[in-house]
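Take a look at the structure below.
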C-alpha cells in the first residue's frame, strides 16, 4: 500500500469515517500521555533534562560536519565499516552490496523508520533476499503491507482483535485476541528466523560522537537478537541522529522513553560498539554503519528549520496532537507523521508533494509543549506554509483573495466599506452565509449591523 | 498616588464585525477599573489570517501600517490572545522596513491581551460583582501557549464571589478552529469542536467562558447547531455582566 503525502486531504476524510481506527488511536494516545505525565511528575529534573537535551542536540547539529567526521573516525577505530549515502537509492545499493558480498539470503530487521524512509524492505525482497520485520508492531504492519502509523508504536491504529484476525488470515493460526498468546505466535514464527538469518538490519536511536557507538532502544529484545545473532549487522542511520558524548547519553536515555511510552527506561538499551573482538563467537563479525543524508543537509541550511533535525522520534507530539488523535498516522501519507511529520514532509519531499502537510495543524502548540527537544513545531509550520506559498503551490483563488484583502487592510475606509457587505449579504440570505464545509455542523456567527467602531462612537457620544 | 492608565484599543476583525459586544464590554470593564480609553482611528487587521496561511510578503505593508499606527501608545489592549500573539511574536518573522524595527520592538512590549492587562499590569484580580451560574473556561491555544496566559482569566473568573467555576476535562484542548484551518479541513475541524463541546457539556457548566472570539464563535456554532445547552461568553462580557455595567 503506497501512500502519498499529497493525498492527505482524502486520507483525513477517510480516517474520520473509520470509527474503529479513531477509537484505537484515541485510547492508545491517551494511555501513553497519561503514563508520560506520571513519569514527568515524579522527575524533578524534567525541564533541566529537556534543556540539556536541546542544547546537546543544537551543538551537534550546528556543527554536523565536524561531528560526523569524528563519529566516523571513532566508529572505524572500533572496527566498524562506515558508508555514506547521499540519498535513498545509494543507501539501498550499499545495503544490497554488503548482502551480495557476503552471500546473504535472509535478513532480520528490527524496527527502523529510516529504513522505512528509504523503502528498504521491498527493495531487498525484490532482490530475492528474504527480509523480515521482527518488532511485533512492525511485523503486524508488514503482514498487512502497511507502513507504521506511529513513530514508536507502528500498529497503534490496530486493536488486539484486529491483530488476532490478521494472524489468523496471514499465518493460518487459530484466532485469539489474548495478547500473551498473540505474542507467543509471533515469537515462535520469529525465533527460527533469527537463528537462521545471515544479516541483521537495525536503525539507530543515537550515534555517540565521542565513542563511535550506535545506541538502539527497544522493549522486545528483537533488536538485540537482530544485531547480535547474525554474522553481519547493518545499522542505517540518518546523519542527524548524533549525540555529542557518552556522558550525555543518559539524558537521552531518559527523555526518549518517558516521552514515548511513559517508561522510565526501555527494557533494553543496546550499545553497539563494533564487531566481536575475539573469536568468542559472540556478536557479529562485521558491523556496518550507513550514514544517510537523503535531504537532511538541505534542512541544515536553514538556521530556523534545522531545529526539526533535533527530533529523536519519540512520538509524544503525535500523542498530544488533537489532529493526530482524530485521524492517526496514515492520514499524513508518509513515514514521518503527526506534527513533526508535517514539518518534515515538505522539507524532504518538496513543496509540491508536501504542499498540504504544513497546513494539517491548527497551530495549537501542544506539540511544542510536550516535545522533549522543545522543537518549536508551530513556528516551523508557519515558515513552511510560507515556503509553499512562495513556491506557487497555494490555490490561485486564495492568492487573489489575500491580495485583495491586503490592499483593503491598507485602506481603512475601503476596508470598512468592504466589510459592510457581508453583513448585508448575510441578512439577505437570512443568516445562511455561504461557508461550504465550515457550516455543515456549525451555526455561523452573525455579522453585526453597525460594528464595534460605530457602537463605540455612539457610546462615547451618549456618555458626554 | 493614582496613576491614570491610558489604553489604546485594538479591536480585531472578528470583534469589530461579528462580536462587538465583547469589545464594548471590555471598554466598560477597563473604564470601571479606572483606565482611560482611546480608539485609534484607521485600524484594520493585524494580518494574522494571511500570515497563518503563508502569505508573509502580502502582510508586510499591513504590519508596517499597524506598527506605525500603534507604536507611540503606552498600552494597547485587545480582547484576543491570538491577535496579540501575532503582533508580539510573529511580527518578528517579517522583513519590515529597517526604520520600523525599533518601533516593532517597542510595540511588542506594550500590546496586551485584556485579562493579562487587568491582572498583570493593573494588578486587579478580584473585581467582585455577581454571576450566580456554573461556568467553565476554555484555554485558547495562542493565548495559553504563545503568550502563556492561563492563570489570569481564571483569577478573574474566581474573583466573582458567587460564581461556580468548574474545570472541564482537557481545558487546553484545541477547539479546532485554527482560522483558515477550519475551512481548509472542515471535517477535521468539526470533529475537533465536537469533542470540545462534549467536554464542555460533561462539565455541567451553563457557560463556557473564553478570551478569544474566534474560538467562541466555533464552539458556540457547534453548541447551537446541536441543541446543546451550554452558552459561550467572552470573559469581558462575563465581567461586565457580573459588575452590572
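General observations
- Exactly one residue out of B:233, B:173 is at pLDDT 95 or above and within 14 Å of chain A (Cβ to nearest Cβ), and it is B:173.
- Taking segment A:319-332 as the range and being part of a helix (DSSP H, G or I) and either assigned by TED's automatic domain parsing to the domain that holds residue A:156 or more than 12 Å from the chain's Cα centre (by Cα) (or both) as the test, the residues that pass are A:320, A:325, A:326, A:327, A:331.
- Yes/no for residue A:343 being surrounded by fewer than 24 Cβ atoms within 10 Å (Cβ to Cβ), in contact with a helix residue (DSSP H, G or I) (Cβ under 6 Å, 6 or more places away or on another chain) and in a helix (DSSP H, G or I): no
- Checklist (1) assigned to a loop (DSSP other than H, G, I, E, B); (2) touching a helix residue (DSSP H, G or I) at 6+ places or on another chain (Cβ under 6 Å); (3) under 22 Å from residue A:456 (Cβ atoms) applied to residue B:74, failing item: (2)
- Failed item in (1) in contact with a strand residue (DSSP E or B) (Cβ under 8 Å, 6 or more places away or on another chain); (2) at pLDDT 95 or above; (3) within 30 Å of residue A:158 (Cα to Cα), with residue A:13 passing the rest: (1)
- For segment A:399-419, the set of residues classified as more than 13 Å from residue B:55 (Cβ to Cβ) and either loosely packed, with under 15 Cβ neighbours inside 10 Å or at the interface with chain B (Cβ under 7 Å from one of its Cβ atoms) (or both) consists of A:410, A:411, A:412, A:413, A:414, A:415, A:417, A:419, listed by residue number.
- Among residues of segment A:447-464 that are more than 20 Å from residue A:420 (Cα to Cα), those with a Cβ under 9 angstrom from a residue that is not in a helix (DSSP H, G or I), sequence gap 6+ or separate chain, pair up as A:460/B:37; A:460/B:39.
- Residue count for segment A:377-398, restricted to those that are surrounded by 15 or more Cβ atoms within 10 Å (Cβ to Cβ), part of a helix (DSSP H, G or I) and either more than 8 Å from every other protein chain (Cβ to nearest Cβ) or under 27 Å from the mean Cα position of the chain (by Cα) (or both): 13.
- Look at segment A:182-198: where a residue is closer than 15 Å to residue A:168 by Cβ and a partner is surrounded by fewer than 18 Cβ atoms within 10 Å (Cβ to Cβ) and modelled with pLDDT of 90 or more, sitting 6+ places away or on another chain with Cβ atoms under 6 Å, you get A:185/A:173.
Table: residues versus (1) farther than 22 Å from residue B:176 by Cα; (2) outside any loop (DSSP other than H, G, I, E, B); (3) within 11 Å of chain B (Cβ to nearest Cβ).
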| residue | (1), (2), (3) |
| --- | --- |
| A:350 | yes, yes, no |
| A:355 | no, no, yes |
| A:363 | no, no, yes |
| A:367 | no, yes, yes |
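- Positions within segment B:142-170 being more than 10 Å from chain A (Cβ to nearest Cβ), within 30 Å of residue A:331 (Cβ to Cβ) and outside any loop (DSSP other than H, G, I, E, B), in sequence order: B:143
- Each residue in segment B:51-95 was checked for being buried (at least 18 other Cβ atoms within 10 Å of the Cβ), more than 28 Å from residue B:138 (Cβ to Cβ) and away from chain A (no Cβ under 14 Å), and 2 pass.
- Segment A:267-287: number of residues that are modelled with pLDDT of 90 or more and loosely packed, with under 13 Cβ neighbours inside 10 Å: 1
- Out of B:47, B:42, B:34, one residue alone is within 9 Å of chain A (Cβ to nearest Cβ) and surrounded by fewer than 20 Cβ atoms within 10 Å (Cβ to Cβ). It is B:42.
The values are calculated or read from the model by the stated rules, or taken from the named source; none is laboratory data. What you see is a predicted model, and the numbers here were worked out from it, not measured in a lab. Methodologically, a virtual Cβ is constructed for each residue, glycine included, from the backbone with ideal geometry; neighbour enumeration extends over all protein chains shown.
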